[in-house]
Each structure stands twice: as structure tokens, then as C-alpha cells.
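Data block below; observations after.
The values are calculated or read from the model by the stated rules, or taken from the named source; none is laboratory data. Quick caveat: nothing in here was measured; it's all calculated off a predicted structure. Note that each Cβ is placed from the backbone with ideal geometry, even for glycine, and that neighbours are counted across all protein chains shown. Accessible surface areas use protein heavy atoms only, side chains included; no ligands, DNA or RNA. Shrake-Rupley method; radii C 1.70, N 1.55, O 1.52, S 1.80 Å.
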Amino acid sequence: DVKVTQSSRYLVKRTGEKVFLECVQDMDHENMFWYRQDPGLGLRLIYFSYDVKMKEKGDIPEGYSVSREKKERFSLILESASTNQTSMYLCASGEPTGSDTQYFGPGTRLTVL
Amino acid sequence: GENVEQHPSTLSVQEGDSAVIKCTYSDSASNYFPWYKQELGKGPQLIIDIRSNVGEKKDQRIAVTLNKTAKHFSLHITETQPEDSAVYFCAAIWEGGSYIPTFGRGTSLIVHP
């Protein structure tokens, strides 16, 4: 059974803290993605990676960075958390072709106080 | 870039009724259209998809139709059940191009018993 796991389901941080969100996939997928989900706005792409050490900006990269040191792991970093980064964060992985386009993790609900 | 519009944002039906969710896309290069279901507390999960060389695809109570000329595609759920209650997302992807999905904003389907 395919699996994408995220390090935390719920996280509460304070403004200005550095926050790490970890994502691990066990499907040997090349592509990994970080999305942010907010009510009424759907899924917005923050960053994606199509290979180890490679990263590309998505639609809303400001305030975020990413790291992909190993194929199975993709980390999202908030260098200095702000209240407007309170959101649900979803990680996904997939291959560039075929119906294995995206498998999602369960999400991390981040609250920044 | 691609733009995907999804309607309605909320859909309330009685158990046993049919539900239809519609999406339109802007980029004629898009050729792969997946639909995702997101249950409460979980990440989105692929439920059905369609490619541009096919006009309709069925899987038990769910079906997807695609009109390439009009650039719209729809999800049809027949004989709805309470467990169909979830948020549904459509997406458009250019396989052979960026492979990055553009998502609609989601439809919250509520099936009343």
C-alpha cells in the first residue's frame, strides 16, 4: 500500500520561530510537492522537487524554503513563522506520467500564535 | 498558465440523489484530468481520472465526462450515500509538459441521510 507520511498532524508555533515540516514517501517517486490548503482557496502549490537536491518555486513560495537531500524525503521550512502562515499543509508525491500523478499525505495543521 | 474553475463550491443533496460537479480549464494543452476526494482529517485521494482521448469514464457509481471543445469536465455521482460526503477537487495537467497539476478550489458535498 502506497504511503506518504508527514511528521506531525498538528503543530502550534510562535511568531518568529523556525518551523520544519517533514514528508516521507515510500514509493520511490521522483516528484514531491508541498501545498497549502485554506478554505475557499483550494490547494496552492508552494514548492516542488523533481529530483534530489532540485527544487522549483510554485505559486506561493514567499516565506518558505524546502530541502530534498534524499529521494524519499522532502522538507518544508518556515524560516520565521508568521500568523498568516497558519494553515493546513499537504505533501504529495508522484511520477510525471501515468495515473500515479499525486499521492497525498494526511496533512499538518499548523497554527502560528 | 492554466486556470481551473470549479462549481459549485457547496452542494447539498439527499441520500440517493445524484450529484454533479463541474470544472472548466483554460489551457488547451491540458490532457489529463484527475478528481480527488478529501475526507475530513485526511489528504486528498484520487478517485477517478480521464485523459483527453476519452469522452467518458465510469467506475461503479462515479463517472467523469470531458468536453475538449468546450474545455470542461464533470464528475457525476449517482445514488449518493452519506459516506460520499467530502470535499472534491478537480485538476488539469499537461502530461508531456510541466506535469504540475492546477487544482480547482474544491466542492464540499454534503449528503443528508
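Say R0 is 25 Å: what FRET efficiency, to the nearest 0.05, do A:MET27 and A:SER67 get from their beta-carbon distance? Please list the in-between numbers first.
On the way: r = 20 Å, r/R0 = 0.78.
Efficiency, rounded to the nearest 0.05: 0.80.
Cysteines without a disulfide-compatible partner in the protein assembly as shown, using Cβ under 4.7 Å as the rule?
That list is empty.
Starting from the 7 Å offset along Cα-to-Cβ, what nm value, one decimal, do you get for the label separation of B:LYS42 and A:GLU95?
Taking the simple label geometry, B:LYS42 and A:GLU95 are separated by 2.4 nm.
A:ARG109: accessible area at probe 1.4 Å, nearest 10 Å²?
110
Between B:GLN81 and A:ARG109, how many nm apart are label points set 7 Å from Cα along the C-beta direction?
Those two pseudo-labels are separated by 2.7 nm.
Looking at the square roots a ≥ b ≥ c of the eigenvalues of the Cα gyration tensor of segment A:44-88, which shape do they give, rounded for a/c under 1.5, prolate if a/b is larger than b/c, or oblate?
Because a/c hits 1.5 or more and a/b exceeds b/c, segment A:44-88 counts as prolate.
Beyond a 28 Å Cα-Cα separation, which of these cross-linked pairs lie in this structure: A:LYS71/B:LYS42; A:LYS3/B:LYS58; A:LYS3/A:LYS57; A:LYS18/A:LYS57; A:LYS71/B:LYS68?
Long pairs (Cα-Cα over 28 Å): A:LYS71/B:LYS68.
Write down Rg/Rh for chain A, rounded to two decimals, with Rg from the C-alpha atoms and Rh from the Kirkwood relation over Cα pairs.
Working: Rg = 13.2 Å, Rh = 13.9 Å.
That ratio is 0.95, to two decimals.
Take the Cα atoms of the protein assembly as shown, find their three principal axes, and give me the spread along each one in whole Å, biggest first.
Computed over the Cα atoms, the extents are 48, 40, 33 Å.
Run the quick spin-label model on B:ALA70 and B:HIS112: label points 7 Å from Cα toward the beta carbon, then report their separation in nm to one decimal.
2.9
Keeping every protein chain in place, order A:MET27, A:MET54 by accessible area at 1.4 Å, biggest value first, i.e. largest first.
Listed by decreasing accessible area, they come as A:MET54, A:MET27.
Viscosity 0.692 mPa s, temperature 37 °C: what is the translational diffusion coefficient of chain B from Stokes-Einstein with a Kirkwood Rh over Cα pairs, rounded to a whole number of µm²/s?
Translational diffusion coefficient: 234 µm²/s.
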